[in-house]
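*Asks:* Have a look at the structure that comes next, please.
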Amino acid sequence: MNASYSPSGVCVEAAPAGAHGFDADTPLSLELARQFAASGYQFCVRYLTLGSDEYVSDLSASEAQDVLEAGLALMAVQHVREPGWSPNAAMGKSDGQNTAAHAKTVGLLPGVNIWCDLEGVADGTAAQDVADYCSQWFEAVSAAGYAPGLYVGSDAGLSGAQLYELPFQHYWQSCSSVPEIPQRGYQMVQTLVPQPVNGIGIDADQTQNDQLGGTVRWQVLAERA
């Protein structure tokens, strides 16, 4: 892995409720990011590699800089394994350490939300194994200074009550049918977008304050904050 990139002129802030953004599995050039900003989007969520290797389709330091320079706020989510995977504690620790390392490499600052993508868990997986994976992922990402968040997708393997018992304070609701988080709720809600936008596939996202007053934390240019 390359040496970490430390951007200047950027900061982390709490996002306002009602901000419109998107998540995408396609790299954004400066021109494309500007197109999204001009289309009214305020932030984007891009992917970090699951393993220890780096892939050209995932967020890079140069792309992160382009996104911010285009006027968009930025967060990141780690890829998930193919549906039918079986999480456990050791895997959660390894995945969390890898995503924290990649986040540092691309220049994401401490305090920004890095999201764990929890979906596609194999049928019959013990809820404790899923919870252990999530808790170890949380600990690894938190230890690196980031604000761990949990994206709750289809077949997450946990009930709403079990999700609430995890150490996360930031939850992102997918466009699938997923449990409510009792006493807290979600800080970001995803909506399916059936057609490409500005030539790429995206899902739309909107921020909101959860029931405890919490909100997502994103990275922006300092002059925008």
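The values are calculated or read from the model by the stated rules, or taken from the named source; none is laboratory data. On a predicted model such as this, the values are computed, not experimentally measured, just so you know. Please note: Cβ atoms are built from the backbone with ideal geometry, for glycine as well, and neighbour counts cover all protein chains shown. When the accessible area is computed, the model is the full protein with side chains, heavy atoms only, and any ligands, DNA or RNA have been set aside. Shrake-Rupley method; radii C 1.70, N 1.55, O 1.52, S 1.80 Å.
*Asks:* Keeping the other protein chains in place, figure out the carbon and sulfur percent of the accessible area of the chain, with a 1.4 Å probe.
*Replies:* Its accessible area is 47 percent carbon and sulfur atoms.
*Asks:* What is the extension gain from S62 to S39, computed as 0.36 nm multiplied by their sequence separation minus the C-alpha to C-alpha distance, in nm to one decimal?
*Replies:* Once the chain is fully extended between S62 and S39, it gains 6.1 nm.
*Asks:* Here's something else I'd like to know. Would you calculate the separation in nanometres between label points at I200 and A101, each defined as 7 Å from the Cα along the Cα-to-beta-carbon direction?
*Replies:* Result: 2.5 nm between the two label points.
*Asks:* Mind grabbing the accessible area of L212 for me, 1.4 Å probe, Å², rounded to tens?
*Replies:* The value for L212 is about 100 Å².
*Asks:* Between A127 and E223, what is the FRET efficiency for a Förster distance of 45 Å, r being their Cβ-Cβ separation, to the nearest 0.05?
*Replies:* In this case the efficiency is close to 0.50.
*Asks:* How much length is gained on full extension from E82 to A14, taking 0.36 nm per residue of separation minus their Cα-Cα distance?
*Replies:* 21.3 nm
*Asks:* Probe 1.4 Å, all protein chains in place: accessible area of V197 in Å², nearest 10?
*Replies:* 30
*Asks:* Under a crude label model (7 Å from the Cα following the beta-carbon direction), how far is L30 from C175 in nanometres?
*Replies:* 3.1
*Asks:* Ok, one more. At 1.4 Å probe size, what's the solvent-accessible area of H20? Round to the nearest 10 Å².
*Replies:* Using a 1.4 Å probe on the heavy atoms, I get roughly 90 Å².
*Asks:* Please list R46, R217, R34 from largest to smallest accessible area, probe radius 1.4 Å, with all protein chains kept in place.
*Replies:* Listed by decreasing accessible area, they come as R34, R217, R46.
*Asks:* Turning to a different aspect of this structure: Keeping all protein chains in place and using 1.4 angstrom, which order do T26, T215 fall into by accessible surface area, from largest down?
*Replies:* T26, T215
*Asks:* While we're here: Do the sum for the chain: with -39,500 (n - 2.57) for every DSSP H run of n ≥ 4, divided by all residues, what is the mean residue ellipticity at 222 nm, to the nearest 500 deg cm²/dmol?
*Replies:* Rounded to the nearest 500, the figure is -8000 deg cm²/dmol.
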